[in-house]
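Remarks on the structure that follows.
All of the numbers you see were taken from the coordinates with simple rules; none came from a lab. The shown structure was predicted, so the numbers you read here are calculated from the model rather than taken from an experiment. We place every Cβ from the backbone using ideal geometry, glycine too, and count neighbours over all the protein chains shown.
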């Protein structure tokens with residue numbers, strides 16, 4: 001029986017959210033996975049199905065992270081077999097890459113088919129001297145075959161690989177193929193995914209375990225297609241997907257693959273606060289702050305979470321009055337969150353009082369004024385009284401009242417809103 005660890009989409013060097021701690025998360029995830037499920041589990045080999053790195057061009061610290069993890073496996077005499085993914089593959093015409101560099105330094109074996117002029121010899125055995133080859137036969141009884149990043153040409157590449165596999169000399173009892181591509185139906189809005197039927201030539205060619213990467217969500221199909229998902233979520237949306245590392249046993253009884261998830265993860269908290277349109281700006285800000293503190297407090301471990309806060313609903317003030325950057329900084333200062341992300345998706349309250357049959361012009365006008373005032377955070381509590389004052393102000397202006405009298409009435413209305421007297425002052429309009 002052979003045992004191996006299947007991982008993919010590690011994305012060392014991930015650099016979003018403008019914090020070095022988040023970049024280190026991807027290193028911590030890989031390091032803890034390899035220690036627990038490769039070294040301690042004493043696997044025969046580790047398979048990396050693409051995207052070890054986030055970028056083709058990496059920083060020295062990122063290369064060092066990879067070397068630390070891979071050296072630990074080498075010290076434990078655990079070989080690492082890898083392929084390039086779309087993030088870390090070398091562009092067409094480029095002769096080297098950082099994965100190739102790691103392979104040449106004997107920290108992993110980069111398995112690459114010949115897809116160019118030497119396609120007649122598409123799959124050649126691994127050569128320790130040249131540090132190159134398309135497949136390797138391991139002493140644990142497994143043949144591991146590599147592939148390249150094919151993108152839109154993946155269906156044709158599968159046909160060519162399947163044909164090449166059938167022409168290989170007899171080998172071990174089990175065959176594993178590393179392939180970086182996604183299967184349709186697993187995530188929405190993903191163009192170019194493969195249909196399951198397009199994978200079948202590989203099964204017919206003798207592949208017992210198809211080790212996929214690329215989609216950051218765990219899935220398995222028909223007991224031979226396996227995708228572990230990314231080790232760490234690349235964004236908050238991905239946090240809802242299962243993900244991890246497959247610890248796989250290959251035996252005469254078949255494939256037994258168990259998803260392992262007990263390793264370092266940065267907690268991600270997703271919170272939605274719905275505004276009802278009755279809150280003032282200060283009240284809504286305090287409500288959001290209280291909810292955020294309570295949500296983050298549920299994660300009291302040593303690892304500060306990432307908080308995504310969605311503010312939805314309606315507000316009774318100009319939505320631009322809420323300074324989301326200031327709110328973001330206030331929340332971050334008040335709670336133990338590494339990153340605070342705010343999605344501000346509210347609408348201004350649009351009140352519209354139904355007009356009854358037979359209403360006269362004055363009643364309709366009063367309803368319109370009340371709607372306008374109710375939608376304002378400072379005036380909504382006295383909207384009815386202020387609406388009558390506005391009607392009075394309009395009548396006075398149309399009657400030719402002098403500007404001093406009009407300004408005096410406006411001051412009276414404003415004082416009414418501040419002091420909230422019980423009754424409106426009587427006014428006389430001369431026609």
Entry for Cα extents along the principal axes in Å (calculated from the structure that is shown) out of [x] 108, 44, 43; [y] 72, 50, 33; [z] 64, 50, 44:
[x]
Value at 222 nm in deg cm²/dmol, rounded to 500, when DSSP H runs of n ≥ 4 in the chain each add -39,500 (n - 2.57):
-10000 deg cm²/dmol
Under the Debye formula (equal points on every Cα, no solvent term), log10 I(q)/I(0) of region 268-348 at q = 0.12, 0.18, 0.22, 0.24 Å⁻¹
-0.31, -0.67, -0.96, -1.12
Can you tell me the relative contact order of the chain? Whole percent, Cα pairs under 8 Å, sequence separation 6 or more.
12
So the angle from the long Cα axis of helix 324-334 to the longest Cα principal axis of the chain, reported in degrees to the nearest 10, equals 70
Residues 299, 214, 174 arranged by fewest to most Cβ contacts within 10 Å
299, 174, 214
Once normalised by the length of region 268-348, the mean sequence separation of its alpha carbon contacts under 8 Å that are 6 or more apart gives a contact order in percent of 41
Using a/c under 1.5 as the rounded threshold, could you call region 29-172 rounded, prolate or oblate? The axes a ≥ b ≥ c are square roots of the C-alpha gyration tensor eigenvalues, and prolate needs a/b larger than b/c, oblate otherwise.
oblate
Specify the angular offset, from 0 to 90 degrees and rounded to the nearest 10, of the alpha carbon long axis of helix 20-34 from the longest principal axis of the alpha carbons in the chain.
40
Sequence of 69, 140, 335 once ranked by neighbouring C-beta atoms within 10 Å, starting from the fewest
140, 335, 69
Cα centroid distance between region 241-277 and region 175-208, in Å?
21
To the nearest 10 degrees, the tilt of helix 154-166 (Cα long axis) against the first principal axis of the alpha carbons of the chain is 20
Averaging sequence separations of C-alpha pairs under 8 Å and six or more residues apart, then dividing by the length of region 108-262, give the relative contact order as a whole percent.
15
